[in-house]
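Read-outs throughout are calculated quantities, based only on the coordinates presented, and are distinct from any laboratory measurement. All values derive from a computational prediction rather than experimental measurement. Cβ atoms come from the backbone with ideal geometry, glycine included; neighbour counts cover every protein chain shown.
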Amino acid sequence: MTTNQQFDTIVVGAGPAGSSAALAMARAGLRVALVERGEYAGAKNVSGAALYAPGLLAELLPNYWEEAPVERYLTRRVLSFLGQKSALSIDFRTDHFTQPPYNGFTTLRPKFDRWLADKALQAGASLITSTVVDDLLYQGEQVIGVRCRREQGELYAPIVIAADGANAFLAKKAGLQHEFKAEEMTLGVKEVLRLDARVIEERFNLTDDEGMATEYIGFATANVKGGGFLYTNRDTLSIGVVTQIASLAQQRVKAYELLDQFKQHPSVAPLVRDAVPIEYSAHMIPEGGWAMLPQLSRGGLLVVGDAAGFVFAAGLFLEGMNFAIASGLAAATTAQEAHAAGNFSPASMARYRRRLAKSFVLQDLKRYRRAPAFINNERLQNVYPELFCQAAENVFRSDGTPRRKLGRTIYQTMHNKVSLRSMLRDGWQAARALFF
Amino acid sequence: MQPIEERLELVRFRVDKTAHIRVNSEACRDCDTTPCVYVCPAGLFELLGGEMHFSYEHCLECGTCYVACERKAIIWDYPRGGWGVSFRAS
């Protein structure tokens, strides 16, 4: 074993989780290898992509938003229920999200992830791109390194951090995660559309660098379980649909056809008019939440980010990058402590989970553990959005006939399609999933 | 509907000579649900005359196909480092 194959920690995957971990550990003086299979960090990475809780990263990179390739800071959040020809939205906008550290940014991952990996590199980590890690190396039960797909591709370190993304191959090989079921995973497909920055600001009621994130439920994905999203970037829009893989297969629909339909919806089409597609992309998302959480460590190994299923998909929340960063930083701290104590045992690595249990990462996932199943409720997906829109239509319809009171109008619209019993049950489920 | 081929023209691929997707086509022969055909976001799978045809060149590397395949007939791995898809604007 030569010294250029020996590190203090090896991080597999230079997404937000891996690069945050590598940056923090390099700053702490550890010898870090950051291994990335793309020709550059971010080359394989796709998400909406909204980065919430941007202050997390500011602990390592104060005021990073002044130089980082972030697109717009989010001041406007919209949740929209789509019927076939109508939409009913909750549209929130605040001036309180306009000041550093902000509440969220839109980003484009190939740019943002590359920038963050470069920060790790500048801090002293060895960034090794164009390199696939095929497996872990063991001594007994202890992970002691990785095998890269190249001649003499063995790299050694007492700690490996698996930040290898949604497919979680390393966690599966280490026996920490099960083979995924099509009900647990969603597929996101997305287009980035070029549109003049001024047009974006006027069209979406934004001032300067302000941005908007809209999540859609209902007809956004026809009768397939899932939802749509539309985010504003500097001079592009990110638009996409996220669909449960099992549901897609069941309905025998293609996700990109749903995306086409979504873009043509009467409430979406005017927003993307004249915007020119510049890239199409796809990615798998582990949206199962708490129920599909893997074991997070074993001797010499920690699992972070998407690889650990740290995606918070709870309807009006759709977060992942902040979970990735927070888990990467927690893993980095665990690695530092382990090195200080010279102890890489399963018990030492298990401190990582305890650290996460004190942070929003595990607390949010646990608290909202009923949300993923609730969001995939058949009626919430395919019945209520249309009914909400119909109810609104009946309330606002003005046709010269006497008006009933609102309660009766709304109740009758709903009751036409759903029994009171079902409504109460769904209301209770919503309450349990999201409210208390 | 925009054809998928047109969409994929917007994406940069560095195509390796060896495929990173393998399919056990024996298992596909009497498969009547063919989830891979529907879930692949690049439309890479096609059942023609009872025979599963697929290409790997324009794979977006999401992994959805092998998760969806109930028969576990798809053997899917990452392409060689530096090869395959490179997103630039997403």
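Between A:Glu59 and A:Phe317, what is the spin-label point distance in nm, taking each point 7 Å from the Cα along the Cα→C-beta axis?
Label at A:Glu59, label at A:Phe317, 1.8 nm between them.
Within 10 Å of each Cβ in B:38-47, how many Cβ atoms from other chains are there, averaged over the peptide?
Rounded to a whole number, the mean comes out at 5.
Dipole size in debye (nearest 20) for the stretch A:346-436 around its Cα centre, Lys and Arg Cβ +1, Asp and Glu Cβ -1? It would help to have the intermediate numbers written out before the result.
Numbers: 19 positive and 6 negative charges, 146 e Å.
I would put it at about 700 debye.
Compute the FRET efficiency between A:Gln122 and A:Asp235 as 1/(1 + (r/R0)^6), taking r as their Cβ-Cβ distance and R0 = 22 Å, and round to the nearest 0.05.
0.20
Can you give the convex hull volume of the alpha carbon atoms of the stretch A:263-311 per residue, in Å³?
With only Cα atoms used, the stretch A:263-311 gives 119 Å³ per residue.
Using θ = phi - 60° and the Karplus curve 6.51 cos²θ - 1.76 cosθ + 1.60, what whole-Hz ³J(HN,Hα) does each residue of the stretch A:126-136 get, with Gly and Pro shown as x?
For the stretch A:126-136, the Karplus-derived couplings read 8, 8, 10, 8, 6, 9, 8, 8, 8, 7, 9 Hz, x marking Gly and Pro.
Between A:Gln84 and A:Lys366, what length in nm is gained on full extension when 0.36 nm per residue of separation is reduced by their alpha carbon distance?
Working it through step by step, the gained length comes to 98.1 nm.
Classify the stretch B:5-90 as rounded, prolate or oblate, taking a ≥ b ≥ c as the square roots of the eigenvalues of its Cα gyration tensor: rounded when a/c is under 1.5, otherwise prolate if a/b is larger than b/c and oblate if not.
Since a/c reaches 1.5 and a/b is larger than b/c, the shape of the stretch B:5-90 is classed as prolate.
If I fit a long axis through the Cα atoms of helix A:321-341 and take the longest principal axis of the Cα atoms of chain A, what angle between them do I get, 0 to 90°, rounded to 10?
In chain A, helix A:321-341 runs at an angle near 20 degrees to the longest axis.
Mind listing the long-range amide H neighbours of B:Leu47? Cut-off is under 5 Å, sequence gap 5 or more, other chains count too, H placed in the peptide plane at 1.01 Å from N.
B:His53
Within a 10 angstrom radius of each residue's Cβ in A:352-362, how many Cβ atoms of other chains show up on average? Whole number is fine.
0
Measure of size requested: the Rg and Dmax of the protein assembly as shown, with Cα atoms as the atom set and Å as the unit; please supply both.
In order Rg, Dmax, the Cα atoms of the protein assembly as shown give 23.3, 86 Å.
Give the distance, in whole Å, between the Cα centre of the stretch A:1-77 and the Cα centre of the stretch A:142-159.
21 Å
With a point put 7 Å past each Cα toward its Cβ, work out how far A:Gln5 is from A:Lys181 in nm, to one decimal.
Between A:Gln5 and A:Lys181, the simple spin-label model gives 4.2 nm.
Using Cα positions and a limit of under 14 Å, work out the aspartates and glutamates in reach of A:Lys181, with same-chain residues fewer than 8 apart set aside.
Reachable aspartates and glutamates: A:Glu287, B:Glu70.
So, in nm, how far is label A:Thr401 from label A:Gln429 when the simple model puts each one 7 Å beyond its Cα toward the Cβ?
Here the answer is 3.2 nm between the modelled labels.
Most mobile of A:Arg351, A:Arg109, A:Arg397 per a Gaussian network model of chain A (Cα springs, under 10 Å)?
Most flexible of the set in this elastic network: A:Arg397.
Give me the inter-chain shielding for A:163-175: mean count of other chain Cβ atoms within 10 Å, whole number please. Could you put the intermediate results ahead of the total?
On the way: counts 0, 1, 3, 4, 9, 1, 4, 0, 0, 0, 0, 0, 0.
For this peptide, the per-residue mean of nearby foreign Cβ atoms is 2.
Around B:Val85, which amide H atoms from residues at least 5 apart in sequence, or from another chain, sit under 5 Å from its own amide H, with H modelled in the peptide plane?
B:Arg14
Let's see if you can work this out: charge +1 on each Lys and Arg Cβ, -1 on each Asp and Glu Cβ, no other charges. What is the dipole magnitude of chain A about its Cα centre, in debye to the nearest 20?
It comes to approximately 1580 debye.
Based only on the alpha carbon positions, what is the Kirkwood hydrodynamic radius of the stretch A:33-105, in angstrom?
Computed over Cα pairs of the stretch A:33-105, the Kirkwood hydrodynamic radius comes out at 15.0 Å.
Please identify, among A:Val395, A:Val11, A:Val361, the residue showing maximal mean-square fluctuation in a Gaussian network model of chain A using a 10 angstrom Cα cutoff.
A:Val395
Which one, A:Ala162, A:Leu176, A:Val143, is farthest towards the positive end of the dipole of the stretch A:116-224 when Lys and Arg carry +1 and Asp and Glu -1 on their Cβ?
A:Val143
Which part of the stretch A:119-144 falls in the paramagnetic zone of A:Glu66, meaning amide N under 17 Å from the point 7 Å along Cα-to-beta-carbon?
Correct set: none at all.
For the ranges A:43-50, A:201-208, A:362-369, what's the packing order if you count other beta-carbon atoms within 10 Å of each residue, average per peptide, and put the highest first?
The densest-packed peptide leads the list: A:43-50, A:362-369, A:201-208.
Under a 10 Å cutoff between Cα atoms, tell me which one of A:His96, A:His339, A:His178 has the largest fluctuation in the Gaussian network model of chain A.
A:His96
Mind listing the phi-derived Karplus ³J(HN,Hα) values for the stretch B:25-41, rounded to whole Hz, using 6.51, -1.76 and 1.60 with θ = phi - 60°, and x for any glycine or proline?
Per-residue couplings from phi come out as 5, 4, 5, 7, 3, 10, 7, 9, 8, 5, x, 4, 4, 8, 7, 5, x Hz.
Rounded, prolate or oblate, given the Cα gyration tensor of the stretch A:99-235, with a/c below 1.5 counting as rounded?
oblate
Provide the per-residue ³J(HN,Hα) series for the stretch A:272-283, in order, calculated from phi with Karplus coefficients 6.51, -1.76, 1.60 and θ = phi - 60°, each as a whole number of Hz, with x at glycine and proline positions.
With coefficients 6.51, -1.76 and 1.60, one gets 10, 4, 6, 7, 9, x, 10, 7, 10, 8, 8, 7 Hz.
Among A:Gln99, A:Ala357, B:Cys62, whose Cα sits farthest toward the positive end of the charge dipole of the protein assembly as shown (+1 at Cβ of Lys/Arg, -1 at Cβ of Asp/Glu, about the Cα centre)?
A:Ala357
Could you pull out which residues in the stretch A:293-319 have an amide N less than 15 Å from a spot 7 Å beyond the Cα of A:Gln139, following the Cα-Cβ vector?
Under 15 Å, as judged by backbone N against the label point of A:Gln139, lie A:299-301 of the stretch A:293-319.
When the helix-only estimate is applied to chain A (DSSP H runs of n ≥ 4, each -39,500 (n - 2.57), divided by the residue count), what is the mean residue ellipticity at 222 nm, nearest 500 deg cm²/dmol?
Taking each H run of at least 4 residues, the total per residue is -9500 deg cm²/dmol.
So what's the gap between the Cα centers of the stretch A:321-393 and the stretch A:409-431, to the nearest angstrom?
That distance is 30 Å.
If I fit a long axis through the Cα atoms of helix A:420-430 and take the longest principal axis of the Cα atoms of chain A, what angle between them do I get, 0 to 90°, rounded to 10?
Taking Cα atoms only, the helix is inclined about 30 degrees.
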